[in-house]
Amino acid sequence: MTHAPPSAGRFVSQERRSPMATRSASYMDRAINLIEWLAAIFVGIVALNIFVAVVLRKFFDTSIPDAYDFGRMLLGILIFWGIAATSYRGGHITVDLVWTAAGPRMKRAIDVFATLVLLFVVAVQTAMLFDKVRGTYVDNVQTYDLNIPTWPFYAVAWAGDVCAVLLIAIRTYRLIFHPEQLEEAHPEQKADE
């Protein structure tokens, strides 16, 4: 006879979950993967922009019109989509001095509290960034050389921030109700065991 680990308690295992719960988890996992792939694509776009600008300047003595503006706005997009990608996995830089010394129940309480604080902060940031998108649209802010409106770039960055809020909300839900669905957020814990 096998015994369930103490942390299993009230949680239903992946095998015994209803098909509807498995399907909704699958949809959430697909959305999470899509957001992470979009963040990776933006890394590639920023790198390509920098590479092409350097090659054109070095070998052909020319430049991409508005390369600075594009680079600046693409970097902003990359930052906000990067926040979305790291927020769910818990892959951002953390200081875990108290967490490492705490017991399992306290670790979970710290994780839930920290995730709720992160959700609040990023939600406020998202609201403020929407105000920036609206402001650049209303003021008709454009790039210097090509006079391209900048608000779509800000809107894509804002969409990344919205995705960050959604992913943090999913993480919070799973952390509270289905912690077995989360990947290992603290790999150093395994090294201590």
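The values are calculated or read from the model by the stated rules, or taken from the named source; none is laboratory data. Treat the numbers as computed from the prediction; the structure is a model and nothing was measured. Using ideal geometry, Cβ is built from the backbone for each residue, glycine included, and neighbour counts are taken over all protein chains shown. Accessible surface areas use protein heavy atoms only, side chains included; no ligands, DNA or RNA. Shrake-Rupley method; radii C 1.70, N 1.55, O 1.52, S 1.80 Å.
The residue that is surrounded by the fewest Cβ atoms within 10 Å (Cβ to Cβ), among those in region 108-121 that are over 18 Å from the mean Cα position of the chain (by Cα) and in contact (Cβ under 8 Å) with a residue 12 or more places away in the chain, is I110. Of all residues in region 137-158, which are open to solvent by less than 80 Å² (accessible area, probe 1.4 Å) and in a loop (DSSP other than H, G, I, E, B)? V141, T143, I148, T150 - these are the residues of region 137-158 that are open to solvent by less than 80 Å² (accessible area, probe 1.4 Å) and in a loop (DSSP other than H, G, I, E, B). For the structure I just gave you, tell me whether R134 is assigned to a helix (DSSP H, G or I), surrounded by fewer than 17 Cβ atoms within 10 Å (Cβ to Cβ) and either modelled with pLDDT under 90 or touching a strand residue (DSSP E or B) at 6+ places or on another chain (Cβ under 9 Å) (or both). No, not satisfied.
Out of the residues in region 58-88 meeting the condition of being free of Cβ contacts under 8 Å to residues at least 40 places away in the same chain and not in a helix (DSSP H, G or I), tell me which one is least open to solvent (accessible area, probe 1.4 Å). Applying the filter and picking the extreme gives I64.
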